[in-house]
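Written below as structure tokens is the structure these notes are about.
The values are calculated or read from the model by the stated rules, or taken from the named source; none is laboratory data. Here the structure is a predicted model, which is why all the values come from computation and not from measurement. All Cβ positions, glycine included, derive from the backbone under ideal geometry; neighbour counts span all protein chains shown. Just so you know, the surface numbers come from the protein's heavy atoms only, side chains and all, with ligands and any DNA or RNA stripped out. Shrake-Rupley method; radii C 1.70, N 1.55, O 1.52, S 1.80 Å.
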Amino acid sequence: MKKFVRFILTLVPAFLVTYSFASIFHTQSVLARLSELNVQIPLAERLATIAYDLAGLLPAYGTAIFAMLFMAMGAASLTGRFLPHRGALYALICASAGAFGMLVMLLAMHPIMDVTLIAGARDTGGKLLQSSAGFLGGLTFAVADQVARTK
């Protein structure tokens, strides 16, 4: 039980990083497409849209990201048990699991729901940005895990 609680507590900062970056990347991708159509978007409007999306995407996209991280970081943690020490290789495993998990989640959403729910992930660049959010979240998980293990 103690390991599970530590795992969940380590997962929280990874989720916050992944979700925040994924949401911001989504928002900026959508706003960039509007700018390509010569729509002028002032900085205040960009910031307000980011805040709106951070709150608005949380129930559905946030839940999907948390579930993905739970599985991906769970697998990465199990893999980490077989490493002689949890250093750079472990961090790379966690970061890769986060990136791959985001990509799989996005690719799985389309056939299940027959729609790309995250407009910022409709093209390859958007999928790469979303996957990089997972990469950063996985890296955060590895660092938080190392900190939790030293206490």
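So, in region 10-22, of the ones that are open to solvent by less than 50 Å² (accessible area, probe 1.4 Å) and touching a Gly at 6+ places or on another chain (Cβ under 8 Å), which residue ends up nearest to G126 (Cα to Cα)?
Ranking the qualifying residues of region 10-22, first place goes to A22.
If you check A60, A75, A91, which single one turns out to be open to solvent by less than 30 Å² (accessible area, probe 1.4 Å), part of a helix (DSSP H, G or I) and either over 13 Å from A14 (Cα atoms) or at pLDDT 90 or above (or both)?
When all the criteria are applied, what remains is A91.
Going through region 58-74 one residue at a time, which ones are touching a residue at least 12 places away in the same chain (Cβ under 8 Å) and over 16 Å from G134 (Cα atoms)?
Matches in region 58-74: A60 only.
Against the condition open to solvent by less than 50 Å² (accessible area, probe 1.4 Å), in contact with a helix residue (DSSP H, G or I) (Cβ under 7 Å, 6 or more places away or on another chain) and outside any helix (DSSP H, G or I), how does I50 come out, does it pass?
It is false that I50 is open to solvent by less than 50 Å² (accessible area, probe 1.4 Å), in contact with a helix residue (DSSP H, G or I) (Cβ under 7 Å, 6 or more places away or on another chain) and outside any helix (DSSP H, G or I).
Given the criteria open to solvent by 60 Å² or more (accessible area, probe 1.4 Å) and either assigned to a helix (DSSP H, G or I) or over 19 Å from A133 (Cα atoms) (or both), does A99 qualify? Before the answer, list the steps.
Working: open to solvent by 60 Å² or more (accessible area, probe 1.4 Å): no; either assigned to a helix (DSSP H, G or I) or over 19 Å from A133 (Cα atoms) (or both): yes.
Considered against the rule, which asks whether it is open to solvent by 60 Å² or more (accessible area, probe 1.4 Å) and either assigned to a helix (DSSP H, G or I) or over 19 Å from A133 (Cα atoms) (or both), A99 comes out as no.
Which residue out of S20, S35, S77, S96 is without any contact (Cβ under 8 Å) to a residue 24 or more places away in the chain and hydroxyl-bearing (S, T, Y)? Break it down into steps so the answer makes sense when it comes.
Details: S20 fails: without any contact (Cβ under 8 Å) to a residue 24 or more places away in the chain; S77 fails: without any contact (Cβ under 8 Å) to a residue 24 or more places away in the chain; S96 fails: without any contact (Cβ under 8 Å) to a residue 24 or more places away in the chain.
After ruling out the rest, the residue left standing is S35.
Would you confirm whether any residue within region 34-47 is surrounded by 16 or more Cβ atoms within 10 Å (Cβ to Cβ) and part of a helix (DSSP H, G or I)?
Within region 34-47, none of the residues are surrounded by 16 or more Cβ atoms within 10 Å (Cβ to Cβ) and part of a helix (DSSP H, G or I).
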